[in-house]
1. Expressed as a rounded percentage, what relative contact order does region B:64-123 have, with Cα pairs under 8 Å and six or more residues apart?
2. Residue A:169 versus residue B:120, label points 7 Å from Cα toward the beta carbon: distance in nm?
3. Highest GNM mean-square fluctuation, chain B, Cα pairs closer than 10 Å: which of B:17, B:48, B:86?
4. Sort out for me the Cα centre separation of region A:1-80 from region B:167-190, rounded to whole Å.
5. If you bin every alpha carbon distance in the protein assembly as shown into 20 Å steps from zero, what whole percent lands in each bin?
6. Using only the alpha-carbon atoms, how far is helix A:125-150 inclined from the longest principal axis of chain A? Give it as 0 to 90 degrees, nearest 10.
7. So how tilted is helix A:89-100 from the main axis of chain A? Cα-based, degrees 0 to 90, rounded to 10.
8. From the C-alpha gyration tensor of region A:110-220, pull out the three semi-axes of the equivalent ellipsoid (sqrt of 5λ each), sorted largest to smallest, in whole Å.
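We did not get these values from a lab; they are worked out from the coordinates using the rules stated. Keep in mind that this is a model prediction, so the values were computed, not measured. Note: ideal-geometry Cβ built from the backbone for every residue, glycine included; neighbour counts use all protein chains shown.
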């Protein structure tokens, strides 16, 4: 059931490549704007680089969330999925995993480039990658709950941001914090463990919450 | 005869309007009940109640494993019919042959065409193919046991041509003969022997 859904999502993704690229394009446009707006002071930029990168990753993730269930809801596939799949959390997990692949993981892989744009010292780039790798799954998982709750609303975008962004704050604090501490030469293992904990809790709880939220959304 | 659906004292009030009150219905295997009534009389809502997509009702509902075909065909525009049916099969664990089912609904040769490029009627046909493979007809004991004996059909004739409508009648006849049952909301004459009509609306 997991693989069946995964294959479906993969085929859908191949046929909607612009959706795949949207969050990444946003990420790099915004990064470039920061670099341009920051003027010629690499020190200032590099000091803020962890925060900027993490905030933009958060926002790009949010951008990709909107479409997570939208199309399936519109054409009735979501209805079918909820009625047919037993247990429902398995295909949902596949959907969330796919979302993470083209948002979280893709951004992690491109993060060295982001670090370059913002003059982040090369020695902290591995830390940045690590925090993104363990932190972004939580973003996709938590965000899916919000996406499921707002899918039946025509203009759910702002509400989705209001619902989800506060829940992203811990990930932002620990993620950006870990990179900053590394730059300051302080041990950052605590933050990375916290990111892991958040992702693990989200992984165990979110699929069930998403399933419940979808049932609510379909009962209109 | 196994009972597929029992509805007891079902009452549904939506937006201050009473759609139905104290509705009772028993549907045995081999039965087809046609829901009739003017637009907005609660046909779709009743089907959604039975399917578990609408819970704001009072009364008792007991339904056998079912297959719901709603207003929206549930076919992703970006998938091919074959991919859609494979996904459906992986969700339901059905073993029916998707190619055979597509040929049966008149979509032979369209297996690998993206649904986006198909007409509304053809997309409905893809949805009908789901009914075919849900039964797992090439299994040995197909006539004996159906994995989803109850069909909930909401306006199945939408966008279909004469041949397509005839196809639905054939599918329904076969389904009923092999022990299935159906609850079908439509304005058209089903023309099936042994189908009953349940009129909604007009009562307050």
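1. Worked out over region B:64-123, it gives 45 percent.
2. According to this spin-label approximation, the distance is 4.8 nm.
3. Result: B:17 has the largest fluctuation of those listed.
4. The two parts, judged by their Cα centres, are 46 Å apart.
5. Using 20 Å bins, I get a P(r) of 24, 46, 23, 7, 0 for the protein assembly as shown.
6. The two axes meet at around 30 degrees.
7. Value to nearest ten degrees: 30.
8. 32, 15, 10
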